[in-house]
Structure formats: structure tokens, C-alpha cells
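Below is one structure; the comments refer to it alone.
The values are calculated or read from the model by the stated rules, or taken from the named source; none is laboratory data. Since the structure is predicted, the reported quantities are computational estimates derived from the model, not experimental observations. Because the Cβ atoms are built from the backbone with ideal geometry, glycine has one as well, and the counts that use them run over all protein chains shown. The area values use the complete protein model at the heavy-atom level, side chains included, leaving out ligands, DNA and RNA. Shrake-Rupley method; radii C 1.70, N 1.55, O 1.52, S 1.80 Å.
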Amino acid sequence: NRIDATGSQLLMAFLRRQGIAEQQLAAKPEHQALIDAVLASSQHPSAAATPAALHVRFLAGIGAFMAKGYANTLIFLAFLGQTLLSAMINIARPKHWRITSVVFHMQAVGLNAVPLVMLLSFMIGAVVAFLGATVLSEFGAELWVVELVGVAFMREFGVLLTAILLAGRTASAFTAQIGSMKSGEELDAIKTMGLDPIELLVLPRIMALLLTMPLLAFLATMAGLLGGMAVCDWNLGISPEMFMSRLNSELSPRHIWIGLSKAPVFAAVIGLIGCLEGFKCKSNAQSVGEHTTSSVVQSISLVILLDALAAMFFMELDL
């Protein structure tokens, strides 16, 4: 003597097949309200089934994107707070410092990346010098290529290229490693043993990035200057001695300090995003792949955004 919505739908379908009008159905008063509601919904399809207008879907997509960005920002800030809290707690406990893990990640993040970073920086330095010489030769100012390459790599390209390469190389590795551990339930085992996953997995990786990123940025800057010097020597007749002399006389050391000052910020962003996306992975391979891609995209985007903001900040300070 009970009936639900599915039963009401089946009953209506049976009456239609038998050619019986729904009004001839003698239902109990407590069932009639449900039958009437099911009958009304079958006769008048809901508005949700009708596709929304294009501009409505466009605005809904923007709203969903903004809401997701806001939620991800809160998650990132919460993870940053947890990491800083764990770091402050462990500063006073030297026995908890994982030096071996830090050195291992320094080799993986920094030493193994030196050939790639220097090679690409050398090639891009040569390209910048060649393009600059092509434009400046029309004004008879080829000598200014030295300042162009110097300022570009000391302030921007050296640290930015290093950050972009590490975002694609290191952030993805961090996400894949931690995501694989989560899918294998190793993170649950760490928590069961009473250990802190942030202290065990996040802090050594971020510390390795903080220590190696400025060094890699410096090497990238030197490689870029070397590439520009090679083009100047081969195509413009500017000897290496003249290149270095003009570089020393015309450019202030503040340019390279401004560039290197951004390296620790980029390193922290890359490490935090890479580790956070690893913790957000689910227990399947598809989720690990999706979050690995997301960590690379987020790291590169945020690094470029921060670099643009820093450029405007230093420009306003006339530095």
C-alpha cells in the first residue's frame, strides 16, 4: 500500500498502454498528490532540460572559473600556512632536519638540471643578441647589443627561464612522486606511523629548490651573456674583451641582484604548487596525470605573473 515516484511513472505508463485515462484512476488520497505531481512533470518537461542561451552559458562558465580559482587560492594559502608552521616548528629541532633528503633533491633539482638550463640560456642569449643586432644595425648602434643582452638576462631572462624550466621539470616530478605515494596509500602509512607528511615530503623539496634556484639562475645568466658575447664576436666584430669592458662600465651590479632576488620566490611557488597538486591526487593513475599537468600549468602561469608584477614594482621604484 505504498507508492513512490518510480511506481507512479510505471502506473501511468500502464494506463496509457491500456487506453485508460489517468482521471479514471481511483487512488487513495495520500497517494493522489504524488501521482498528480508525476503526471504534471511528464506533461510539462522541466526548464532544466532546455539548453540555456549562449550568453548564459558563457557567464556561467566565467562564474564557475572564478569560483574554482577562489577555492584553489584558499587551498594554496592554507597549504602555505601549514608548510610555514611545520618549518617554524622544525627550526628549533635539528634532529628532525632531513639533510640526506635535502641533498638528494638538490642533486635531482639543481645539479642534474645544469646542462639543460645553461644550453637553453646560451641559445636564447644568442638569439636575443642576433635579433637586437638586426634592429640596431639600421641605426648604426650595434654596440648597444651589449646592454640589451646584459639587462635582459641579468634582470629577467636568467631567472625567468630557470623558473619555467624547473616548473616543467621539477614541479611535475614532485606531483608525480607524491601522487604515486598517495595512490599507493603510502601517505596513509606515514600518518599511521605518527609522522608529518609535510615535514617528511614537502620541506626537503622546498629547501632544495630554495638553495639551488639562485645558483641555477646565476648560471643561466652567465650562459645567456656568453651566448650574446659569441654572437657579438662572430657577427658584429665586438671582441669578448670589449664586450666585458662595456658590460662592466655601462651596467650596474644592481641588475643582477634584482634578478636573483626573485629566485627564492619562484622556487617557493614551484615547490608549493608541485607538492600541493600531489596531495590533491586521487587513488588512480588518471588523477595523477591530470594533477601533474595542472601543476606545470599553474607553476608557469604564476611565475610569469609574479615576474610581471616584480618588473612593474622595480620600475616604479626606479631600480
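Pick from A26, A53, A49: which is on the phi < 0 side of the Ramachandran plot, loosely packed, with under 10 Cβ neighbours inside 10 Å, under 43 Å from the mean Cα position of the chain (by Cα) and at pLDDT below 70?
Working: A26 fails: under 43 Å from the mean Cα position of the chain (by Cα); A53 fails: at pLDDT below 70.
It is A49.
Looking at (1) part of a helix (DSSP H, G or I); (2) hydroxyl-bearing (S, T, Y); (3) open to solvent by 60 Å² or more (accessible area, probe 1.4 Å); (4) touching a residue at least 60 places away in the same chain (Cβ under 8 Å), find the lone condition where S287 falls short.
Condition (3) is where S287 drops out.
Read through the list (1) of a type in the set (V, I, T); (2) in contact with a Leu (Cβ under 9 Å, 6 or more places away or on another chain); (3) surrounded by fewer than 22 Cβ atoms within 10 Å (Cβ to Cβ), then give the number of the only condition that T221 fails.
Every condition holds for T221 apart from (3).
Taking helices (runs of 4 or more DSSP H) that do not extend beyond the stretch 107-226, which have at least 1 residues that are at pLDDT below 90 and closer than 27 Å to L84 by Cα?
Values: elements: 114-136, 145-151, 158-166, 172-183, 186-192.
Output list reads 172-183, 186-192.
If I124 satisfies every condition in (1) open to solvent by less than 40 Å² (accessible area, probe 1.4 Å); (2) over 19 Å from the mean Cα position of the chain (by Cα); (3) farther than 18 Å from G278 by Cα; (4) touching a residue at least 40 places away in the same chain (Cβ under 8 Å) but one, which is the exception?
Answer for I124: the failing condition is (1).
Just one of G140, G132 is at positive phi and free of Cβ contacts under 8 Å to residues at least 40 places away in the same chain; which is it? Break it down into steps so the answer makes sense when it comes.
Details: G132 fails: at positive phi.
Going through G140, G132 in turn, just one is at positive phi and free of Cβ contacts under 8 Å to residues at least 40 places away in the same chain: G140.
What number of residues within the stretch 73-88 are of a type outside the set (F, W, Y) and in contact (Cβ under 8 Å) with a residue 12 or more places away in the chain? Talk me through it step by step, then tell me what you get.
First, the residues of the stretch 73-88 that are of a type outside the set (F, W, Y): 73-75, 77-78, 80-88.
Among the residues that remain, those that are also in contact (Cβ under 8 Å) with a residue 12 or more places away in the chain are: 75, 80, 82-83, 86-87.
Result for the stretch 73-88: 6.
Open to solvent by 80 Å² or more (accessible area, probe 1.4 Å), farther than 14 Å from M154 by Cα and under 26 Å from the mean Cα position of the chain (by Cα) - does that describe any residue in the stretch 265-283? Spell out how you get there, then give the answer.
Our first condition is that a residue be open to solvent by 80 Å² or more (accessible area, probe 1.4 Å); within the stretch 265-283, this holds for 282-283.
When the remaining residues are screened for being farther than 14 Å from M154 by Cα, the result is 282-283.
With under 26 Å from the mean Cα position of the chain (by Cα) added as a condition, the list becomes 282-283.
Yes, that holds for at least one residue.
For the stretch 239-260, how many residues are open to solvent by 30 Å² or more (accessible area, probe 1.4 Å) and part of a loop (DSSP other than H, G, I, E, B)?
Matching residues across the stretch 239-260 total 3.
Taking the criterion of being surrounded by fewer than 22 Cβ atoms within 10 Å (Cβ to Cβ), free of Cβ contacts under 8 Å to residues at least 40 places away in the same chain and among the charged types (D, E, K, R), would at least one residue in the stretch 175-183 satisfy it?
No: zero hits.
Return the total of residues in the stretch 207-222 being within 16 Å of I164 (Cα to Cα) and either basic (K, R) or in contact with a helix residue (DSSP H, G or I) (Cβ under 6 Å, 6 or more places away or on another chain) (or both). Don't jump to the end; show me each part of the working.
Step one: list which residues in the stretch 207-222 are within 16 Å of I164 (Cα to Cα), which gives 209-210, 212-221.
Then keep just the ones that are either basic (K, R) or in contact with a helix residue (DSSP H, G or I) (Cβ under 6 Å, 6 or more places away or on another chain) (or both); that gives 209-210, 212-214, 216-217, 219-221.
Number satisfying all stated conditions: 10.
Just give me the residues in the stretch 69-106 being open to solvent by 90 Å² or more (accessible area, probe 1.4 Å) and in a helix (DSSP H, G or I), in sequence order.
Listed by number, the residues that qualify are Y70, L77, Q82, L84, L85, M88, I91, K95, I99, T100, F104.
Which numbered condition in (1) of a type outside the set (K, R); (2) surrounded by fewer than 24 Cβ atoms within 10 Å (Cβ to Cβ); (3) more than 30 Å from L143 (Cα to Cα) is the only one that W234 fails?
(3)
Any residue in the stretch 191-217 that's touching a residue at least 12 places away in the same chain (Cβ under 8 Å): show its pairings with residues that are open to solvent by 70 Å² or more (accessible area, probe 1.4 Å) and part of a helix (DSSP H, G or I) at Cβ separation under 6 Å, as long as the two are six or more apart or on different chains.
I198/Q82
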